[in-house]
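Bear in mind that the values in this text are calculations on the coordinates, not laboratory data. Predicted model, so just to flag it, every value in this text is computed and none were measured. Heads up, the Cβs are rebuilt from the backbone with ideal geometry, glycines too, and the neighbour counts pull from every protein chain shown.
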Amino acid sequence: MGTMRDQMKKWTEANGYQKPAKSKKKKRNNNQKPLVAPKERLTERDLRELMGTNRVTYERRRGSIRQK
């Protein structure tokens, strides 16, 4: 009795079985650095807009709602 690998070789030759093709993966060269997206620079105004502090505020005056 042989090893499992030898038995598989005999079986594949006897049955005409072909191995499925392996997909080729791109190998990255170790010298190349991965691409890094440039960092986004936000102004103080943009940050305030994102935080919601520059919104229009309304208040109630004399029974009606008015812009502050």
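Filter the chymotrypsin sites (Phe, Trp or Tyr not before Pro) in the chain down to the DSSP loop ones having no more than 14 other Cβ atoms within 10 Å, then list what survives.
Those that pass, being in a loop and sparsely packed, are TYR17.
Which ³J(HN,Hα) values in Hz, rounded to whole numbers, follow from the phi angles of region 41-49 under the Karplus curve 6.51 cos²θ - 1.76 cosθ + 1.60, where θ = phi - 60° and Gly and Pro get x?
9, 9, 7, 5, 5, 4, 5, 5, 5
Using only the alpha-carbon atoms, how far is helix 4-15 inclined from the longest principal axis of the chain? Give it as 0 to 90 degrees, nearest 10.
80
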